[in-house]
Amino acid sequence: MNLNSRLFSIFLMFVLALCFGSVFMFLAIALKGFHPVAVGSLRMITASLFLLCIVRLFGYSLVTSRSHWKFVFIFGAVFSALPFLALPWALQFVSTTAAAIAFASIPLMVLVLSRIFFKSPITLFKWVGFLIGSSGLILLANVGSNTMDDGANLSGALPIIPYCVVLASAFGFAAGGVYLQTAPKIPILSLITSAFLAGNLVAVPALLITFPKVWPPIESIVSILMVGIVCTGLGTVIRGTLIQREGIIFTSINGYISPIFASILGFSLLGETLTMIHGFAYLMVVAGLLISRNK
């Protein structure tokens, strides 16, 4: 396969969608041996170490100036570490499929945030797309909780809280994408690696507080490595490569495919139940995304 061909870009896009789609499954498996906060912390730590190796391998460097470190600290601690720490807790109660569909709505969140902070114009088509996609997310909330841990139960109206935490995590990543638009002119790999290393100022103390007292099962350890190195670290490198090769519009297609991979993995390996509501909510989110891309 010609590495400069469009076909190779399509291959990379599917690999990226698999990386991002499988992250929910690996997080769910990791929860069998680690505290949710430890899972999120280890994701940040392993991803940052992997990216640091990639940066050194390709001759990049970390940011140097104080203003750049201030920027990457905000991006790494607020818009990366906090969502990383929150998502595993929610996955004790919310199915990986529902979480993946919620995360597919990030471009819709970016649309509104760009309007608020950058005064970007939003056409009628974009508002219609946002409303349709948001309706899909509201519909998805009515599916209820799908507890990954039989001992973790929420009663009454509380099952909606984990789904709200998933949406809050997605919103954090969306806000990070908007914040990234104000980034100084730094190579994206240097910026993300520096940001993840800065995020360890949050992740490492959180890990020390929640580190397991007994040795976790091997599948949980492998899942931590997979979610940190492959899903997050390698996924970040592939995403940056695709944006450079084909642009952000082409790369964003992975958002339509990732929930499909997440659903297949959740159904086949985690025993999750897929319902008509899952499918209809996904179609509404995708329809909203497609409509919102019209000018």
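The values are calculated or read from the model by the stated rules, or taken from the named source; none is laboratory data. Predicted model, so just to flag it, every value in this text is computed and none were measured. Don't worry about glycine lacking a Cβ; one is built from the backbone with ideal geometry, like all the others, and counts go over all protein chains shown. Keep in mind that these areas ignore ligands, DNA and RNA; they rest on the heavy atoms of the full protein, side chains included. Shrake-Rupley method; radii C 1.70, N 1.55, O 1.52, S 1.80 Å.
With respect to Ala86, determine if the residue is within 21 Å of Leu189 (Cα to Cα) and open to solvent by less than 40 Å² (accessible area, probe 1.4 Å).
Answer is no for this residue.
Tell me yes or no: at least one residue of region 167-184 is out of contact with any helix residue (DSSP H, G or I) (no Cβ under 6 Å at 6 or more places or on another chain), open to solvent by 30 Å² or more (accessible area, probe 1.4 Å), hydroxyl-bearing (Ser, Thr, Tyr) and modelled with pLDDT under 85.
No: zero hits.
Out of (1) on the phi > 0 side of the Ramachandran plot; (2) under 20 Å from the mean Cα position of the chain (by Cα), what's the single condition that is false for Gly271?
Condition not satisfied by Gly271: (2).
List pairs: first in region 14-32 and closer than 23 Å to Val237 by Cα, second open to solvent by 10 Å² or more (accessible area, probe 1.4 Å) and among the aromatic types (Phe, Trp, Tyr), Cβ under 7 Å, 6+ apart or cross-chain?
The qualifying pairs are Ala17/Phe261; Leu18/Phe261; Gly21/Phe261; Ser22/Phe261.
In region 105-122, how many residues are touching a residue at least 12 places away in the same chain (Cβ under 8 Å) and either at positive phi or surrounded by fewer than 17 Cβ atoms within 10 Å (Cβ to Cβ) (or both)?
2
Show me the helices (runs of 4 or more DSSP H) entirely contained within region 201-256 in which 2 or more residues are out of contact with any strand residue (DSSP E or B) (no Cβ under 7 Å at 6 or more places or on another chain) and either at pLDDT 90 or above or over 30 Å from Ser9 (Cα atoms) (or both).
218-225, 235-246
Is there any pair linking a residue in region 64-78 that is in contact (Cβ under 8 Å) with a residue 40 or more places away in the chain to one that is surrounded by fewer than 17 Cβ atoms within 10 Å (Cβ to Cβ) and part of a helix (DSSP H, G or I), with Cβ under 9 Å and at least six apart or on different chains, and which?
Short answer, once both residue conditions are applied: Phe71/Tyr179; Phe73/Leu201; Ile74/Tyr179; Phe75/Tyr179; Phe75/Leu180; Gly76/Leu201; Ala77/Leu201; Val78/Tyr179.
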